1. So Glu92 ticks every box in (1) open to solvent by less than 40 Å² (accessible area, probe 1.4 Å); (2) at pLDDT 50 or above; (3) closer than 22 Å to Asn113 by Cα but one. Which box is left unticked?
2. Just to check your reading of the model, which residue among Phe86, Phe80 is touching an Asp or Glu at 6+ places or on another chain (Cβ under 7 Å), of a type outside the set (Ser, Thr, Tyr) and open to solvent by 60 Å² or more (accessible area, probe 1.4 Å)?
3. Among the helices (runs of 4 or more DSSP H) confined wholly to region 94-186, which include 2 or more residues that are over 30 Å from Asn56 (Cα atoms) and in contact (Cβ under 8 Å) with a residue 60 or more places away in the chain?
4. Consider region 57-71. How many of its residues are more than 21 Å from Val116 (Cβ to Cβ) and either in contact with a strand residue (DSSP E or B) (Cβ under 9 Å, 6 or more places away or on another chain) or surrounded by 20 or more Cβ atoms within 10 Å (Cβ to Cβ) (or both)?
5. When the residues of region 219-236 are narrowed to those that are crowded, with 17+ Cβ neighbours inside 10 Å and among the hydroxyl-bearing types (Ser, Thr, Tyr), which ends up farthest from Ala151 (Cα to Cα)?
6. Would you mind stating whether Ser241 is surrounded by 22 or more Cβ atoms within 10 Å (Cβ to Cβ) and modelled with pLDDT under 95?
7. Need the failing condition index for Lys130 against (1) more than 18 Å from Asp76 (Cα to Cα); (2) in contact with a helix residue (DSSP H, G or I) (Cβ under 9 Å, 6 or more places away or on another chain); (3) of a type in the set (D, E, K, R), just the number.
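The values are calculated or read from the model by the stated rules, or taken from the named source; none is laboratory data. If you're wondering where the values come from, they're calculated on a predicted model, not measured in any experiment. Methodologically, a virtual Cβ is constructed for each residue, glycine included, from the backbone with ideal geometry; neighbour enumeration extends over all protein chains shown. Remember, those area values only see protein heavy atoms, side chains included, never the ligands or the DNA or RNA. Shrake-Rupley method; radii C 1.70, N 1.55, O 1.52, S 1.80 Å.
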Amino acid sequence: MKDRFTFSPCLAMLVALLAFQGGPASLQAADSSGVQQLETPAEDDQHTYFLFYRNNDQRTAAMEKTIERHVAAHADEAAFRKVNVFDKNEQEIVNMYDARRMSVPSVLCVAPNGAVTCVYNRAVSGEQLKRSLLTPKYADVVLALQEGKIAVVSLVRDAESEPLAAAEQFMDSGDFKDSATHVKVSADDASEEEFFTRVKVDRNIDAAKMILFAPPGRYLGTFDATTSFETIAQKVHASGSCSCEKCQEARGR
């Protein structure tokens, strides 16, 4: 594939959010520094929206109404929690996301696996909230990036299909195995249809593909069986995307 991903920050803090949208294939990403994951995933496999606020002013009320409408429309996969940053009973979650320093009101969404999928302050739209609902595998990719790992995404025809040999070599490599997370996504998994839509890959795939992302959300390439592991490794080393000696040298140039 020759589609190119473009990058632009959608937030100024906290979250590396993959938002595949617009153009043939694009990726939005934001600074992931300081991101922490919830120790306990959201209940009932739901995304949880936290509305951090100080006063019940007009902006807070407007954001609350937008979030409530969104959650009501997606009750099977979303929950809502309003958090006053000065409430002494809410300091664990406030401190976890350093919410006292946010431009409030702010909404932060946490996926069931603990990945932060959006942060918006002062205002938010229903469409923005909708984009923050991620498929399970999509959330795994975001979580890997927020943990500072390279996301090795294997797109396969079905659960029984094997990833590219290069993907397996990547995960076994001494240079990358401690700096990467492998996420296998099956085209026959109906729950991952949106994942394929966002990465602009037809679910009717005959052969495995591999997509690499590096923190905070840099696209490193889409590969098929014609690309060797050695070529992929050279590309990663040149980008300085992991902690191996070769990548450190690339970052120091």
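1. It is condition (1) that Glu92 fails.
2. Selected residue: Phe80, the only one of Phe86, Phe80 that is touching an Asp or Glu at 6+ places or on another chain (Cβ under 7 Å), of a type outside the set (Ser, Thr, Tyr) and open to solvent by 60 Å² or more (accessible area, probe 1.4 Å).
3. In region 94-186, 136-146, 165-172 are the helices (runs of 4 or more DSSP H) which contain 2 or more residues that are over 30 Å from Asn56 (Cα atoms) and in contact (Cβ under 8 Å) with a residue 60 or more places away in the chain.
4. Summing the residues that are more than 21 Å from Val116 (Cβ to Cβ) and either in contact with a strand residue (DSSP E or B) (Cβ under 9 Å, 6 or more places away or on another chain) or surrounded by 20 or more Cβ atoms within 10 Å (Cβ to Cβ) (or both) in region 57-71 gives 1.
5. Among them, the one singled out is Thr222.
6. Answer is yes for this residue.
7. Of (1) more than 18 Å from Asp76 (Cα to Cα); (2) in contact with a helix residue (DSSP H, G or I) (Cβ under 9 Å, 6 or more places away or on another chain); (3) of a type in the set (D, E, K, R), only one is false for Lys130: (1).
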